[in-house]
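Quick notes on the structure that follows.
What follows draws every value from the coordinates through simple rules; no lab data is involved. Since the structure is predicted, the reported quantities are computational estimates derived from the model, not experimental observations. Every residue, glycine among them, receives a Cβ derived from its backbone with ideal geometry; neighbour counts consider all protein chains shown.
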Amino acid sequence: MAILKYWWWKALTVLILAYVFIAGLMSPVPKLPILHEAIRNTFFHPPLWIAMMSMLLGSAIFSIRYLRKGRTDDDLIAVELANTALLFGVLGCITGSVWAYFAWGDLWPNDPKTNGVAVGMLLYLAYFVLRGSFDDDMRRGRISAVYNIFAFAVFIPLILILPRITDSLHPGNGGNPGFNQYDADNSIKRIIRPAFVGFTLLGFWITQLRVRLRRLDLELDEQEEANTPINQPTELPN
Amino acid sequence: MDQLTELLRSDGKIWVVIVVIGVVLSGWLFYLVRIGHRKEKVKRRIRG
């Protein structure tokens with residue numbers, strides 16, 4: 001993750017996002033019934049999920065690294081990645097709701113993908129509850145790292161594999177055609193692929209800010225601990 | 001609410017896209033503002 005210390009990837013993020021938002025609103029899109037202009041939501045709704053999954057993968061990797069090396073910093077990055085991923089997930093749910101209301105006629109359609117993601121988000125909420133329930137830093141780190149790895153291992157089948165083998169409203173799931181069919185001139189792919197990268201990079205950027213804050217907090221904790229005199233008993237207890 | 005829905009449904013549904021973009025941007029903004037508040041807390045800790 002040393003690469004995140006440089007600035008150029010942030011410039012890249014800004015450029016990509018500017019392109020995605022401008023081109024996403026202005027470029028010609030395939031003409032489709034029911035959806036009409038709402039097809040442009042493909043540039044803003046799926047990238048949220050891709051970014052969320054990338055960050056959760058990152059979180060799981062850092063949890064594994066924490067278990068192997070035992071460095072507090074890895075644990076801290078794992079938490080903050082999961083935190084930002086949850087933000088992207090919530091935004092994905094809301095934007096999905098809005099889109100579904102106008103395209104499918106329901107704010108929360110009974111779709112395996114939507115329901116799967118709801119369960120997945122609860123899994124990660126439980127991760128934060130679990131973290132809050134320990135007093136001992138070491139135990140909190142180790143147990144929640146193990147839980148985080150399992151949560152990721154459940155989350156991915158829940159939103160990527162299960163919706164594909166049952167009936168689903170989402171394109172590319174449950175035997176539905178993907179968007180490729182309507183995208184002969186690549187007008188969607190040209191924007192959605194940079195969007196995947198841009199949204200993911202922005203997620204890591206936001207996470208970096210939170211990680212830096214946490215490191216500062218941790219350092220202040222250590223300083224305070226070093227400054228407080230240790231109460232040594234004058235006599236050994238019997 | 002019904003009138004609003006009719007209005008939003010009547011045209012090419014570009015409003016849906018605007019609402020979605022609005023949700024995404026305000027979500028990011030909300031999170032960044034919260035990071036700003038946390039930063040202030042850390043600043044106060046450093047000054048004691």
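Taking Cα atoms only, the orientation of helix A:137-156 departs from the longest principal axis of chain A by about 20 degrees. Among A:F150, A:G24, A:L86, whose Cα sits farthest toward the positive end of the charge dipole of the protein assembly as shown (+1 at Cβ of Lys/Arg, -1 at Cβ of Asp/Glu, about the Cα centre)? Going by the Cα projections, it comes out as A:G24. In the protein assembly as shown, helical runs assigned H by DSSP with n ≥ 4 each contribute -39500 (n - 2.57); averaged across all residues and rounded to the nearest 500, the mean residue ellipticity at 222 nm is -24500 deg cm²/dmol.
Given 37 °C and 0.692 mPa s, how large is the Stokes-Einstein diffusion coefficient of the range A:117-238 in µm²/s, with Rh as the Kirkwood radius over Cα pairs? Please report the intermediate quantities before stating the final value.
Details: Rh = 19.5 Å.
The Stokes-Einstein estimate is 169 µm²/s.
Residue by residue, the range A:210-227 carries 3J(HN,Hα) couplings of 5, 5, 4, 4, 5, 4, 4, 4, 5, 5, 4, 4, 5, 4, 4, 5, 5, 7 Hz when phi is fed to the Karplus relation 6.51 cos²θ - 1.76 cosθ + 1.60 (θ = phi - 60°); x denotes Gly or Pro.
State, as an integer percentage, the relative contact order of chain A based on alpha-carbon contacts under 8 Å between residues 6 or more apart.
Values: 236 pairs, mean separation 72.4, N = 238.
Taking the mean separation of contacting Cα pairs over the length of chain A, I get 30 percent.
In this simple spin-label approximation, A:L12 and A:T228 carry label points 7 Å from Cα along the Cα→Cβ vector, and these lie 4.4 nm apart. Here, the range A:19-62 yields an orientationally averaged convex hull projection of 3.8 nm² when only Cα atoms define the hull. For the range A:1-65, trypsin sites (Lys or Arg not before Pro) meeting the loop criterion (DSSP other than H, G, I, E, B) and having at most 11 other Cβ atoms within 10 Å: A:K31. With all pairs of separate Cα atoms included, the protein assembly as shown yields a Kirkwood hydrodynamic radius of 21.1 Å.
In plain terms, the C-alpha convex hull of the range A:129-193 casts an average shadow of 6.8 nm² when viewed from every direction.
Counting residues in the range A:7-152 as N, plug N into 2.2 N^0.38 Å and put the Cα Rg over that result. List each step's numbers first, then the result.
Working: Rg = 18.4 Å, N = 146, 2.2 N^0.38 = 14.6 Å.
So the Cα radius of gyration is 1.26 times the expected 2.2 N^0.38 Å.
Any number yet on Rg/Rh for the range A:3-83, C-alpha, Kirkwood? Don't skip to the answer; put the middle values down first.
Working: Rg = 17.8 Å, Rh = 15.4 Å.
My calculation of the ratio gives 1.16.
Picking from A:G116, A:G96, A:G172, which is most flexible by a Gaussian network model of chain A using Cα springs under 10 Å? So, out of A:G116, A:G96, A:G172, the one fluctuating most is A:G172. Spin-label model, A:V119/B:K39: points 7 Å from Cα along the beta carbon direction are separated by 4.0 nm.
Excluding same-chain pairs closer than 8 in sequence, count the lysine pairs in the protein assembly as shown whose Cα atoms lie under 22 Å apart.
Numbers: A:K5/A:K69; A:K5/B:K39; A:K10/B:K39; A:K31/A:K189; A:K31/B:K13; A:K113/A:K189; A:K189/B:K13.
Count of close lysine pairs: 7.
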